[in-house]
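Readers should treat all values here as calculations from the given coordinates under stated rules, not as data from a laboratory. Because the structure is predicted, anything quoted here is derived from the model rather than measured. Because the Cβ atoms are built from the backbone with ideal geometry, glycine has one as well, and the counts that use them run over all protein chains shown.
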Amino acid sequence: MNGPSYESPAEIRMARLLGADAVGMSTVPEVIVARHCGIRVLGISSITNMAAGVLDEPISHEDVLAMGEKVREPFRTLLSSVIDHLTEEESQRL
């Protein structure tokens, strides 16, 4: 989806009908640009909120930020591990 705004309940219903399990604001446009530049891409996302219309309460930007803060360290650990693994694989190819 195009950000920088949260999806509407109608957009979430559409995404579900199309087979989506998750949506994001910027991953796809960024990947398109990166691939256009010849950059290999690995996408890893941290989902910080339930989509609009899934719960009976509106999306709160403060809650999204709080969840991002809550998962910061585990996500950093995951990324570090992935980067280390990719670096090892790349070193073995040389």
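Treating only the Cα positions of the chain as identical point scatterers, give the base-10 log of I(q)/I(0) from the Debye formula at each q in 0.22, 0.23 Å⁻¹.
Evaluating at q = 0.22, 0.23 Å⁻¹ gives log10 I(q)/I(0) of -1.23, -1.27.
Can you put Ile44, Ile59 in order of Cβ neighbours within 10 angstrom, beginning with the fewest?
In increasing order of surrounding Cβ atoms, one gets Ile44, Ile59.
Mean residue ellipticity at 222 nm from the helices of the chain, using -39,500 (n - 2.57) per DSSP H segment of n ≥ 4 over the full residue count, to the nearest 500 deg cm²/dmol?
Rounded to the nearest 500, the figure is -17000 deg cm²/dmol.
With the chain treated as a Gaussian network of Cα nodes joined by springs under 10 Å, which of Glu30, Glu11, Glu57 yields the largest mean-square fluctuation?
Glu57
I want to check the label-to-label distance for Glu11 and Asp56. Put each point 7 Å from Cα in the C-beta direction and report it in nm to one decimal.
The two pseudo-label positions are separated by 2.6 nm.
Using Cα springs under 10 Å in a Gaussian network model of the chain, which residue among Arg72, Arg13, Arg40 shows the largest mean-square fluctuation?
Most flexible of the set in this elastic network: Arg40.
For Glu69 and Asp21, calculate 0.36 nm times their separation in residues minus their Cα-Cα distance, and state this gained length in nm to one decimal.
15.0 nm
Taking the chain as the reference, fit the longest principal axis to its C-alpha atoms, fit the long axis of helix 61-70 to the helix C-alpha atoms, and give the angle between the two in degrees, 0 to 90, nearest 10.
Computed tilt is about 30 degrees.
Tabulate in residue order the Karplus-calculated ³J(HN,Hα) for segment 76-86, using 6.51 cos²θ - 1.76 cosθ + 1.60 with θ = phi - 60°, rounded to whole Hz; enter x for Gly and Pro.
4, 4, 4, 4, 4, 5, 5, 4, 4, 5, 5
Can you sort Asp21, Asp63, Asp84 so the residue with the fewest Cβ neighbours within 10 Å comes first?
By the 10 Å Cβ count, ascending: Asp21, Asp84, Asp63.
Which length gain, in nm to one decimal place, applies between Ile44 and Ile83 when the Cα-Cα distance is subtracted from 0.36 nm times their residue separation?
Full-extension gain reported as 12.9 nm.
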